[in-house]
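A quick write-up on the structure given underneath.
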Amino acid sequence: MSKVHLIDHPLVQHKMAIVRDVKTGPKEFRELVDEIALLMAYEVTRDMALEDVEVETPMGMAHCRMISGKKIGVIPILRAGLGMVDGIVELIPTAKVGHIGLYRDPDTLQPVEYYCKLPTDIGERDLIVLDPMLATGGSAVAAIRFIKERGGKNIKLMVLIAAPEGIAAVQAAHPDVDIFTAAIDERLNDVGYIVPGLGDAGDRLFGTK
Ligand code: PRP
Ligand code: URA
């Protein structure tokens, strides 16, 4: 069974309170989603391997450690996952960015794929799938399945808000994928929105419906 990591750092929780607020406008919403993603990336990448290096400072040699081994790939689920990319790439400039286009059919709530472009060396990268909302889990389960079908192996899922239903769905379908979230909310409403959640993340990021 995969693990669920609830990121309760005060800075993350403070920003989550503002991002949820119905009065927060699109400019501030976008900035906050980016900032929260950047802060969460510290926890998501905590297990990256390090190697010893010797660095010459102006005063002598320092024994230091640098990231070694596998490289990172970040894969936002379009559209709303795009709002989390810049924050992470700011922190990890060498990360490659893949894209998976999915939308939830409003009647069936089933994910429909419309785009997929992934790094060619996907099997050699540690992959972080990004989406602000994990509701029924249908989108994340499908996106992770597409990634695995194309050779992705080491996958983590990073979301801002998860519903218990979405967590259960991802854990059932992908027990190897750890979930990192800044909040676990109460439930879904009868049209599949997270309550209390933050509303429609894509609409709030981009101002379109
Ligand atoms: C939202 C959200 C997730 C999905 C979550 O996207 O960004 O991708 O719903 O719901 P699920 O867990 O029930 O699948 P949406 O389908 O609204 O598309 P958008 O990002 O283009 O707005
Ligand atoms: N997608 C969203 O953007 N918000 C929700 O609450 C559920 C799915």
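Output ³J(HN,Hα) for region 186-200: one whole-Hz value per residue in order, computed from phi by the Karplus curve 6.51 cos²θ - 1.76 cosθ + 1.60 with θ = phi - 60°, and x for Gly and Pro.
5, 5, 9, 8, 6, 10, x, 8, 6, 10, x, x, 9, x, 8
Taking only Cα atoms of region 150-209, what ratio of Rg to Rh do you get with Rh as the Kirkwood inverse-distance radius?
Details: Rg = 13.2 Å, Rh = 12.9 Å.
Answer for region 150-209: 1.02.
With axes computed from alpha carbons, what is the tilt in degrees of helix 26-44 against the longest principal axis of the chain, rounded to the nearest 10 within 0 to 90?
50 degrees
Per DSSP H run of at least 4 residues, take -39500 (n - 2.57); add these up for the chain, divide by its residues and hand me the 222 nm value, nearest 500 deg cm²/dmol.
Taking each H run of at least 4 residues, the total per residue is -9500 deg cm²/dmol.
Need one number: % antiparallel among DSSP beta bridges in the chain, to the nearest 5.
Taking every DSSP beta bridge within the chain, about 40 percent pair in antiparallel fashion.
Starting from the Cα coordinates of region 105-198, work out the convex hull volume and express it per residue in Å³. List each step's numbers first, then the result.
Details: hull volume 8.8 nm³, N = 94.
Cα-based convex hull of region 105-198, divided per residue, equals 94 Å³.
Near the amide H of CYS116, under 5 Å away, which other amide H atoms are found, from residues 5 or more places off or on another chain, if H is placed in the peptide plane?
Correct list: GLY101.
By the scheme Lys and Arg +1, Asp and Glu -1, what is the net charge of all other residues having a beta-carbon under 9 Å from that of GLY87? Walk me through the numbers on the way to the answer.
On the way: positive: none; negative: ASP34, GLU35, ASP86, GLU90.
My count for the surroundings of GLY87 gives -4.
With point charges of +1 on the Cβ of Lys and Arg and -1 on the Cβ of Asp and Glu, referenced to the Cα centre of region 37-150, which listed residue (THR108, ILE128, ILE67) lies farthest in the positive direction of the dipole?
THR108
Modelled label-to-label distance, LYS70 and ARG145, 7 Å Cα→beta-carbon offset: nm?
Calculated label separation equals 2.3 nm.
Quick one: Kirkwood hydrodynamic radius for the chain, alpha-carbon pairs, angstrom, one decimal?
Evaluated on the chain, it is 17.6 Å.
Tell me which of ALA143, MET16, LEU198 sits at the most positive position along the dipole axis of the chain, charges placed on C-beta atoms (Lys, Arg +1; Asp, Glu -1).
ALA143
Using each residue's phi in region 154-163, evaluate 6.51 cos²θ - 1.76 cosθ + 1.60 at θ = phi - 60° and report the 3J(HN,Hα) Karplus result to the nearest Hz, with x for Gly and Pro.
Those phi angles translate into 8, 10, 10, 10, 10, 10, 7, 10, 10, 8 Hz.
State the Cα centre-to-centre distance between region 72-89 and region 1-70 in whole Å.
One Cα centre to the other: 14 Å.
How big is the dipole moment of region 99-195 about its Cα centre under a simple scheme where the beta carbon of each Lys and Arg is +1, that of each Asp and Glu is -1, and everything else is neutral? Debye, nearest 20, please.
My answer is approximately 280 debye.
Students often check this: by mean Cβ neighbours within 10 Å, which of 159-166, 197-204, 116-123, 30-37 ranks highest, and how do the rest follow? Could the numbers behind the result be given before it?
On the way: 159-166: 24.9, 197-204: 18.9, 116-123: 15.2, 30-37: 22.1.
Packing order, densest peptide first, comes out as 159-166, 30-37, 197-204, 116-123.
Just to compare against my own numbers: the Cα pair-distance distribution for region 81-128, 10 Å bins, whole % per bin, please.
21, 44, 27, 8
Just from the alpha-carbon atoms, what are the Rg and Dmax of region 3-47 in angstroms?
For region 3-47, the Cα-based Rg and Dmax read 11.4, 37 Å.
Step through the residues of region 168-179 one at a time and calculate ³J(HN,Hα) from phi using the Karplus curve (6.51 cos²θ - 1.76 cosθ + 1.60, θ = phi - 60°), rounding each to whole Hz and writing x for Gly and Pro.
3J(HN,Hα) across region 168-179, in whole Hz: 4, 5, 5, 5, 6, 7, 9, x, 8, 9, 6, 10.
If I take all pairs of Cα atoms in region 1-83, what percentage of them are more than 23 Å from each other?
Distances greater than 23 Å cover 45 percent of the Cα pairs.
Provide Rg and Dmax in Å for region 54-168, with only Cα atoms included in the calculation.
Here Rg and the maximum Cα pair distance are 17.1, 66 Å.
Just so you know, all these numbers are worked out from the coordinates, no wet-lab data involved. Quick caveat, the model's predicted, so the values are computed rather than measured. Glycine also receives a Cβ, built like all others from the backbone with ideal geometry; neighbour counts cover every protein chain displayed.
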